[in-house]
Every structure is written in structure tokens, then in C-alpha cells.
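> Sharing a structure here in C-alpha cells format.
Rule-based calculations on the coordinates, nothing more; no lab input. Only a predicted model underlies this, so the values are computations on that prediction, with no experimental measurement involved. With ideal geometry, Cβ positions are generated from the backbone for all residues, glycine too; neighbour counts draw on all protein chains shown.
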Amino acid sequence: MSTLSQDNKKHISFEVFPPKKEGNFLTAIEVIKEISKLSPDFISVTYGAGGSQSKKTLEIASYIENELHITAVAHLTCIGSTKEEIYKQCEEFKEHNISKVLALRGDRPKDMTDERYNCREFIYASDLIKFIKDNFDLSIIGACYPEKHFEALTMVDDLKYMKQKQDLGVESFISQLFFENTYFYNFMEKARKIGINSSVYAGIMPVTSVKQIGTTVSLSGSSVPKKLSDLIARYSDKPNDMYKAGIDYSIHQIRDLLKNGIEKIHIYTMNKPEVARAIIEGIQ
Ligand code: FAD
């Protein structure tokens, strides 16, 4: 089986999410065990925006770090949390030997009242980054957006706030997923020009089913280039072909990134080890 240790020029990381239902913990562990066999730089574990499921993030990240001996990155959102809650969460990360956190603002949960929203203790991810830096010895990663965050008026504004995260001590970034590499290259050029010199993991999501694309686009805001929408149209009633074409699309994207000197890639695995494996084999 191909793993990444054979080629130390590439740095691949994976994202997983905790089980949505209580009884599925063991299944999630099996999935993550399989993914870990590909020897990634790290595995990151998502976190609910309002702090929901935070225990599961901790459990899964702890398993990755302490049982699988792979670096775990715990995502942490602050939009629905008080300083006291974030403090406790970071203490728990430390207690479980987790030393890397992806510090995020998160999106407003649907059930969050205006009253709670208006008096939230953290406004932006940068407030969370500062709070963690002031109180804990944790490495912090930040999020960034090759096609601009949907709330930012301009890319210039968005990059200014990305730089602010770096200045506050973020050690690296993971990008939002994108399907067109040109966006990423242009984004990196602009980021480097304003002094963002931290490493940036390029976010790649394999689209292996027609159904997945709608959810992905509405959650990420990423644009779908014609070559991908053509594939989706061609294979709309051929799920097996769509599955293969989606993996191939990601392989091509990653090969092009590597060829252009982007050596850090973050794969949104959607908890599908077989997809992650096929991509790793395809980029060797
Ligand atoms: P911020 O950096 O705070 O940016 C949000 C907006 O505010 C941007 O438009 C920015 O330009 C603007 N802004 C930033 N700082 C300032 C400032 N000082 N003044 C004025 N404007 C400012 N969500 C989850 O719920 N759980 C997860 O596990 C999760 N994982 C993610 C992983 C990655 C790699 C990425 C890219 C996103 C993830 N998200 C997750 C989604 C994320 O929570 C949303 O994209 C959210 O809308 C923004 O989070 P942020 O940390 O980038 O926010």
C-alpha cells in the first residue's frame, strides 16, 4: 500500500469529522484507523459551531494523538462559547496531550438568539487566537479562503485579517476547499505580497457523488468550474463513474499543485478512507 512516508517532499493532511450519532463511535474509529495508515502529517477533527459535539472532537482527536500516534489537530469554534468554556476546552486539549488547534470563529448556529449573538464574547477568530495565545501553550492554525470568505467585502480585507491572524501567532493555515487551482495560485501571490509567509495547506475535497456537490458548494461558497460541472452532468445517473471521476479530478488538482511548488495539501476525506487511499496512490 502507498503511504506518504516514501516521499518527504509532499505534506498531506486529512480532515475527519466525529460521528453524528451516539452509537457510531466505533465505526468512526475504524474509519480513522484506516486513514491513519496513509501516514499523514496530521489529522484534523471538526467541531460543531455552537460547541455542540465538542466532547466527540476531543475523544476522536485524543484517539488519533495518543493511540494512533499521529499528530491531531482539534478544530475549535468560538462563536457560541464564553471565555470560560473555551478555557475549559483548551485545558482538556492539554490534558489529552493535544497541542495543535485550528482556531475558528464558526458560523452562527440557526438556534442562536439575537440576544446571545449580540453579546457573544468572541467576535472573530482573531479574538480566539489571542485568547489562546494569552492563556495556553498550544500551536494554532488558522483558516483562510482562496476565493474570499463570503462575508468579506473584498479579498484585500480578507487577506488583511488573515495577516492579523499570523501576527497574533498562527503558525500555519488551512485553506477552504477549491476546485480551480488558479484561485489558489492568485490568492497565494497576494498573500505573500502582504507578508503572509506562514505555510498554507491547500484544501482539496474529492466530490464522489452528485448529491455531495450541492451541500459542498452551499457550505463552502466555492465555485464550480465548467470542467467539474460537466463531469457532474455526464455522470448524474452513473454513480460508479462519478465516484471514479471525482477521485481523478482531485488527483489532477493535487498533481498540478505539486508541480507548481505547493507541497502542503489538506484533503477533506469526508470519512472515506478508500477515497483518501485512492488519491494518495494516484499522486505517487
Ligand atoms: P474569521 O477569521 O473570524 O473571519 C470571518 C469573517 O470576518 C471574514 O469575512 C473575515 O474577513 C472577517 N474578519 C476577520 N477578522 C476581522 C476583524 N478583526 N475585523 C473585521 N472583520 C474581520 N466550521 C465549523 O463550525 N466547524 C469546523 O470544524 C470548521 N472547520 C473549518 C476548517 C477550515 C479549514 C475552514 C476553511 C473552515 C472551517 N469551518 C468550520 C468554517 C468556518 O467556521 C467558517 O468559514 C466561518 O464563517 C469563518 O470562520 P473563520 O475562523 O475563518 O472566521
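> With no solvent and one point per C-alpha, what does the Debye sum give as log10 I(q)/I(0) for region 190-241 at q = 0.18, 0.21, 0.22 Å⁻¹?
Calculated log10 I(q)/I(0) at the listed q: -0.69, -0.81, -0.86.
> Which value, in debye to the nearest 20, describes the size of the charge dipole of the chain about its Cα centre when Lys and Arg Cβ atoms bear +1, Asp and Glu Cβ atoms bear -1, and nothing else is charged?
So the dipole magnitude of the chain works out to roughly 620 debye.
> Based on a Kirkwood Rh over C-alpha pairs, give the Stokes-Einstein translational diffusion coefficient of region 95-182 at 20 °C and viscosity 1.002 mPa s in µm²/s.
So the translational diffusion coefficient is about 148 µm²/s.
> Please report Rg (one decimal) and Dmax (integer) in Å for the Cα set of the chain.
Cα radius of gyration and Dmax of the chain are 18.4, 53 Å respectively.
> Please pull out the direction-averaged projected area of region 26-185, using the convex hull of its alpha-carbon atoms, in nm² to one decimal place.
Approximately 10.5 nm², given one-decimal rounding.
> Continuing with this model, one more query. Taking every pair of alpha-carbon atoms in region 159-284, what share in percent sits in each 10 Å bin, from 0 to the bin with the longest distance?
12, 42, 32, 13, 2
> So what's the back-of-envelope 222 nm ellipticity for the chain, counting only DSSP H runs of four-plus at -39500 (n - 2.57) apiece and dividing by all residues, rounded to 500?
On the way: 11 runs with 127 residues, N = 284.
Mean residue ellipticity at 222 nm (helix-derived): -13500 deg cm²/dmol.
> How high is the relative contact order of region 59-201, in percent, with contacts defined as C-alpha pairs under 8 Å that are six or more residues apart?
Value for region 59-201: 21 percent.
> Could you give the alpha-carbon Rg of region 147-221 over 2.2 N^0.38 Å, rounded to two decimals?
Dividing the Cα radius of gyration by 2.2 N^0.38 Å gives 1.18.
> Sort out for me the Cα centre separation of region 194-242 from region 9-86, rounded to whole Å.
Centre-to-centre distance over Cα atoms comes out at 22 Å.
> Within the P(r) computed for region 79-135, what percentage of the Cα pairs occupies the region above 14 Å?
In whole percent, the share of Cα-Cα pairs in region 79-135 beyond 14 Å is 57.
> Treat every Asp and Glu Cβ in region 70-149 as -1 and every Lys and Arg Cβ as +1, leave all other atoms uncharged, and give the resulting dipole magnitude about the Cα centre to the nearest 20 debye.
240
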